Amino acid sequence: MGKLHKRRRGYSDEELDEEEEDFEDGDDEDDEDEEDDEIEDDEDEDYDDEAERRAYRHRRRIRNQIIAYLVILFVAVGIVAGGIVVGSKAASFVKQKRQAAEEKAKEEAAEQEEPEEEMVIDTPEPAEEETGEEEDILGELAESYYSEMSIENKVAGLFMVTPESITGVKTATKAGDGTQEALNQYAVGGLIYFGQNILDKEQIMTMLSNTASMSNYPIFFAVDEEGGEVSRVANSKVEVTKVDDMASIGAGGDASLAADAGTTIGSYLNEIGFNVDFAPVADVAGEGSALGDRSFGSDPQAVSEMVTSAVSGIEGTGVSACLKHFPGLGSTTEDTHDGRVEITKSLEEMRASDFVPFSAGIEAGADFVMVSHATAPALDEDNVPSSLSKKVITDILRGELGFEGVVITDALDMTAITEYYTTEEAAVMALEAGADMLLMPDDFEKAYNAVLAAVQDGTISEERINESLDRIYRVKCAGKLEN
């Protein structure tokens, strides 16, 4: 049997070697048996040759595998070694780049030190941008109200009237079904209340609250609360802290007292539900002035300081202040309630005196300016009442003094108007002159219908109406942004 066959049967290499030697030593002895065993030997030899070939192929396969493994190993080692070298080079490159970038950044930072200091100096600019953004938001909020209104409601929104004028009752002391029907028909922009409407604190608070809930739009609730004699709330049965007249406060020369007065008045009005105070009086009193103790005094600068403080006090409580009576009634001895009144001062005199407190109040942030019915030939040679004069309202108050808030007429039911103009004429003329709100026309329905007809026939453009509504709703919406 061949070695491969014997290995398969369990023979060791040593046993195979010994057996091979024995086989060679006894070769001569067995010659005589060759012929007898020829067939057997041929078979064995064939078997051994086949086994040897298999063993050889097996050894070659193993050898080739070993060589392949060694090649792979050497290649792997080479790759790893190469990778280490490449990685080392890459890391070195990255490090160099990083160092270069850091050095460049340091150089740029050093070069930009001075410009950065200049940026710190210019920091007020962002604040201006924020103010502009806030203004845009207020404008968008205001427009969201009036842009969806019908033309009828837009026109009604320009009127400030008494509750009696829209409900038809003799004296309004509560807001019920009649108020609801009236507001549904006429979406007026505001209501003004007098002593007859105020019985006690609970009654007036309930009345204002109910009226607000009945209105489809934000609404102004106004009252004359100057302090002293002209104080509709303080002189009623409502218990509030009473404030001295403006002449007494002005005589003391302490502007902080005017601020305290404004804060006191604004606080109790806000608590009750009012949001507009037709105060302070910004007129500079002359000798024998028809205003009496309603003015802070005769010195324009002193009056300006008082007006500034009073406006700050009122506006600080969330109530809108209204400067009155532009361009200045202090030098007149007649009352526009009773008839025609004329201001005889020159334009230069008015600029040096009467305009000064109004400018100060505007600068202090007053939301409203009330224009009187007095004529001022130095401002309008046509002797048109100031409340109906484009030269007074648009050219002087808006153009020269720069007022951008709500311009409201004095009460249009005064004799200074009704003796010379119809209700319809006065309403249309006031709007054409630049007024935003019409206060207490002699006949509300006639005035309303006249303005509506003027818009419908193009005498007054809808764009002009929108300008006034924009100013009105900016004031109405300002509190919403603050809250």
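The values are calculated or read from the model by the stated rules, or taken from the named source; none is laboratory data. Please read these numbers as outputs of a predicted model, since none were measured by experiment. Positions of Cβ are generated from backbone atoms using ideal geometry, with glycine treated the same way; all protein chains shown enter the neighbour counts. Remember, those area values only see protein heavy atoms, side chains included, never the ligands or the DNA or RNA. Shrake-Rupley method; radii C 1.70, N 1.55, O 1.52, S 1.80 Å.
Highest mean first, the peptides 375-387, 336-348 sorted by other C-beta atoms within 10 Å per residue fall in the order 375-387, 336-348. Which of the residue pairs Lys242/Lys345; Lys170/Lys390; Lys170/Lys201; Lys170/Lys324; Lys170/Lys237; Lys154/Lys201 have a Cα-Cα distance greater than 26 Å in the structure shown? Those over the limit are Lys242/Lys345; Lys170/Lys390; Lys170/Lys324; Lys154/Lys201. For region 199-264, the extents of the C-alpha atoms along the principal axes are 45, 25, 15 Å, listed from largest to smallest.
Place +1 on the Cβ of every Lys and Arg and -1 on the Cβ of every Asp and Glu in region 360-483, take the dipole about the Cα centre, and give the residue among Val406, Ser387, Ala374 whose Cα lies farthest towards its positive end. So the residue furthest toward the plus end is Val406.
Sorting the segments 306-317, 405-416, 235-246 by their mean number of nearby beta carbons within 10 angstrom, highest to lowest, gives 306-317, 405-416, 235-246. Overall, the anisotropy analysis places region 122-265 in the oblate class: the square-rooted eigenvalues a ≥ b ≥ c of its C-alpha gyration tensor yield a/c not less than 1.5, with a/b not exceeding b/c. Averaging Cα coordinates gives a centre for region 315-355 and one for region 224-246; these two points are 21 Å apart. Which percent of the accessible heavy-atom area of region 264-412 goes to carbon and sulfur, probe 1.4 angstrom? About 43 percent, which is the carbon plus sulfur part of the accessible surface. From most to least packed by mean Cβ count within 10 Å, the peptides 256-262, 177-183, 435-441 give 435-441, 256-262, 177-183.
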